[in-house]
Amino acid sequence: PVLVESLIVFIIVLSVHAVVWDRYSWCAVALAVQAFYVQFKWDRLLQLGGAVFQFRTAANSGLLPASMVIPLLGIVMKERCKSAGIVYFERFGIVVASTGMLVALFLSVIAVGITKPVPTNTCILTGVAGSIIIYTMKHSLTVSEVIEVLEVLLIFVYLSMIVLYLLPRCFTPGEALLVLGGMSFVLNQLIKRSLNVIEGRGDPIDFFLLVAVVGVVLLGLFFTVLFIFMDSGTWISSMFFHMMTAVLGLGVIMPWLYRLIQRNPLFWLLQFLFQTQTRVNLLVYWTFLAASACGIVFYQNAKRSSESKKHQASTITRKYFHFIVVATYVPGLIYDRELLYVAAVLCLTAFIFLEYIRYFRIKPFGQTLRHLLSLFLDERDSGPLILTHIYLLLGLSLPVWLFPRSCAPKGTLPGAGALVPYSGVLAVGVGDSIASVFGSTMGEIKWPGTKKTFEGTMTAVFAQIIAVALILIFDSSVNLNSSYAWILASVSLVSLLEAYTTQIDNLLLPLYLQIMFMA
């Protein structure tokens, strides 16, 4: 399975660079080759228990698929913005690609360094790849851009040490690279923009995303360290948690956002949410869907009898939530993408905050949340945190947040790029859900070395093609310009990756589909 997963990733890398070949392509190919070799060193370390931190044990290291996501995103973003003539975001794409390569290379060096005996061939490959990447960065980046890349690397190192120590078994090395690398980049961008505020420059919804993500993560780190020294399950600790949340929210996060958008954040948010009748209608509809999702949770827990407390929800039951998020995102993508952008940020903040309440057993709802959500755990929730529902939200939201609006004339990209915001809906909401439902109920022919079935994968591809046809009918802004073969190839490759990867598919698949569509 690991070899097939690696082969699919190599095909995606070569497919992207067949379209956008330049000096960064050599770096990406070199990074992929060395990540392939280092991945086996990480797998061996995990099997022998020789890794520095405790990683998720039910999966391989996932270093190769994770290493290529951020560099490929930066490269395709650079090409799109270059063709649109937006120099600022073309340079931003180069910084993203360089940062992703350097962070992935750093993780590879760590694996090689702690492997005993030292793997000579892998060391040589890592050295060659590092030389190519550093040489290209030397001739491509300005001094300020090099400093920015090194800042992100430094944040990643410290954030990794803190998070992986405090939260054992929550990530594989590849998932840690994706999640913590992304958080490091977001934190660095927020610091950079906060120090260089220019009135009227920058979209308030982008600042809202940066401040919300960084604020809620710093809040979690603060309480994680604090509750090492005190019992979080008492009423006094719970009152302190709520009080400090209010203090940090109103005293730090709100003024921080005010400095960036130059207006009262609460008034701006209320005005934004209720600006048009379409937005009000969407909010009412989303509230109904949220209530339906809560109803499913309560109903499934009510069915759990006292004799079957260890009973877990079936795959089909868990996919109900996938279909609900599809019903949530599609109207937002068609009618008001900016509202969907902001609503997804608010939802992510709420999900993470509720997970804090569950994890720390904050009264009065902490123990109740533990009981309600335990029914929906699977093998990927082996650590102290329950992250699968947050990954589901991220998988559908990241293509919306990462869509290069400034480089898209008339709000959309030409050809297959028009489907970029729909990447999460197609890969996770439609493809992964249909593959799981049909594969578990009707699948008979299994892919070699996996539990996934051929029927499930083929049904997922077919369902995504039907979904693309429906998007063409209902979304007038989408014009594919006869790029149907590329769309079919992209959907097929990502569906095959879903069948073979042991990483969090809710996070990985939408990003790879977005990369293919943007290329």
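The values are calculated or read from the model by the stated rules, or taken from the named source; none is laboratory data. The structure presented is a predicted model; accordingly, all values stated were derived computationally and were not measured. Every residue, glycine as well, gets a Cβ built from its backbone with ideal geometry; the counts of neighbours run over all protein chains shown. Only protein heavy atoms, including side chains, enter the accessible area calculation; ligands, DNA and RNA are left aside. Shrake-Rupley method; radii C 1.70, N 1.55, O 1.52, S 1.80 Å.
Some observations on this one:
- Selection of region 407-423 for residues being modelled with pLDDT of 80 or more and under 9 Å from Met518 (Cα atoms) yields Ala416, Gly417, Ala418, Leu419, Val420.
Condition check ((1) open to solvent by less than 20 Å² (accessible area, probe 1.4 Å); (2) modelled with pLDDT of 90 or more; (3) not β-branched (Val, Ile, Thr)) across all residues:
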{"position": "Val103", "(1), (2), (3)": "yes, yes, no"}
{"position": "Leu107", "(1), (2), (3)": "no, no, yes"}
{"position": "Ile114", "(1), (2), (3)": "no, no, no"}
{"position": "Pro117", "(1), (2), (3)": "no, no, yes"}
{"position": "Thr122", "(1), (2), (3)": "yes, no, no"}
{"position": "Thr126", "(1), (2), (3)": "yes, no, no"}
{"position": "Gly130", "(1), (2), (3)": "yes, no, yes"}
{"position": "Ile147", "(1), (2), (3)": "no, yes, no"}
{"position": "Leu154", "(1), (2), (3)": "no, yes, yes"}
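For (1) farther than 20 Å from Gln189 by Cβ; (2) in a loop (DSSP other than H, G, I, E, B), each residue gets a yes or a no:
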position: Val118; (1), (2): yes, yes
position: Ala129; (1), (2): yes, no
position: Met137; (1), (2): no, no
position: Ser144; (1), (2): no, no
position: Ile155; (1), (2): no, no
position: Tyr158; (1), (2): no, no
position: Tyr165; (1), (2): yes, no
position: Cys170; (1), (2): yes, yes
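- Listed by position, the helices (runs of 4 or more DSSP H) enclosed by region 393-512 that each have at least 3 residues that are more than 18 Å from Met77 (Cα to Cα), touching a residue at least 40 places away in the same chain (Cβ under 8 Å) and open to solvent by less than 20 Å² (accessible area, probe 1.4 Å) are 454-474, 484-500.
- Subset of region 270-306 (residues that are farther than 29 Å from Asp336 by Cα and either over 28 Å from the mean Cα position of the chain (by Cα) or not aromatic (Phe, Trp, Tyr) (or both)): Tyr299, Gln300, Asn301, Ala302, Lys303, Arg304, Ser305, Ser306
- In region 48-62 there is at least one residue that is open to solvent by less than 10 Å² (accessible area, probe 1.4 Å), of a type in the set (Ser, Thr, Tyr), more than 22 Å from Ile134 (Cβ to Cβ) and in contact (Cβ under 8 Å) with a residue 40 or more places away in the chain.
- In region 34-45, the residues that are open to solvent by 50 Å² or more (accessible area, probe 1.4 Å) and hydrophobic (A, V, I, L, M, F, W, C): Phe40
- In summary, Ile134 fulfils each of the numbered conditions (1) open to solvent by less than 60 Å² (accessible area, probe 1.4 Å); (2) farther than 20 Å from Leu73 by Cβ with the single exception of condition (1).
- Output for region 383-392, where each listed residue is in a loop (DSSP other than H, G, I, E, B) and either touching a strand residue (DSSP E or B) at 6+ places or on another chain (Cβ under 9 Å) or open to solvent by less than 30 Å² (accessible area, probe 1.4 Å) (or both): Gly383, Leu385, Ile386, Leu387
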